[in-house]
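For reference, the structure is listed below as structure tokens.
The values are calculated or read from the model by the stated rules, or taken from the named source; none is laboratory data. For clarity, every value in this text was computed on a predicted model and none was experimentally measured. Cβ: placed from backbone, ideal geometry, glycine included. Neighbour counts: every protein chain shown. All accessible areas refer to the heavy atoms of the entire protein, side chains included, with ligands and DNA or RNA removed. Shrake-Rupley method; radii C 1.70, N 1.55, O 1.52, S 1.80 Å.
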Amino acid sequence: MPTHKTAKRKTSDPQLPTRFSMVRSFQLADFVTLGNGVCGCLSLMFAMKALLTQNTDFLFSSFWCIPAGVVFDVLDGRVARWRQSTSLLGQELDSLADFCSFGLAPAVLGFACGFQKMLDLVVLTYFVCCGLARLARFNATVASLPTDQHGKVKYFEGTPIPTTLVIVGVLAYGVYYGKFWRFANPMFQHEGPFASFSQAFTPEYVWGGEISIFPGYELHPLVLMYG
């Protein structure tokens, strides 16, 4: 009959995941990539906060998060090559962070700046879906693309999604020089801190005005830079 010691049960199962197994599987470059994702999330939240408070400080904070995301996006690749540590997890994480920072956030910033007509929303949605499809295609084909001696892909198919920084720069320029956002104009302070959104985003306060495509369907021409 086995003694208590010999009958001792095995409590650790190698098939069960260890604690914090996901975090432990992260490489240093993955944490840098998460910084890009954080910038994208903060940009979205600051844009919503700007609309709620009608405070341009939050809007500019949202703008600044995008170039910060670009810095993280550049650094994660450099860190991965420096550490010689690339993984499928890092590749997927990079695409998700890029979609948040350079796909979704610029579209939300366009909405926050006044591109809110129904046809504007169609263009913004088209922009987001194109970014999503672009990243999905890259992930599906990256294994077959040629790389240099450092493991970096030699060329991209299409325009890299971080180039949407140009669109964000145009929006930031417009807000800074008063081409968007009636809320920030001191001459309307007598209307109270919560002026009507219908007044704040009238055609004369959205850069480029608007044009009528069909009866009841208007479009802000500047939104076409998302196309």
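In region 169-192, what residues are modelled with pLDDT of 65 or more and among the charged types (D, E, K, R)?
So the first thing to find is which residues in region 169-192 are modelled with pLDDT of 65 or more, and the list is 169-182.
Residues satisfying the conditions are 179, 182.
The criterion of at least 1 residues that are of a type in the set (Lys, Arg), open to solvent by 70 Å² or more (accessible area, probe 1.4 Å) and modelled with pLDDT under 85 is met, among helices (runs of 4 or more DSSP H) falling completely within region 28-146, by 56-83, 118-141.
Would you be able to say whether some residue in region 88-105 is of a type outside the set (A, V, I, L, M, F, W, C), farther than 20 Å from residue 169 by Cβ and without any contact (Cβ under 8 Å) to a residue 40 or more places away in the chain?
Filtering region 88-105 down to residues of a type outside the set (A, V, I, L, M, F, W, C) leaves 90-92, 94-95, 98, 101, 103.
Of the ones still in play, those that are also farther than 20 Å from residue 169 by Cβ are 90-92, 94-95.
Narrowing further to those that are without any contact (Cβ under 8 Å) to a residue 40 or more places away in the chain: none.
No, region 88-105 contains no residue that is of a type outside the set (A, V, I, L, M, F, W, C), farther than 20 Å from residue 169 by Cβ and without any contact (Cβ under 8 Å) to a residue 40 or more places away in the chain.
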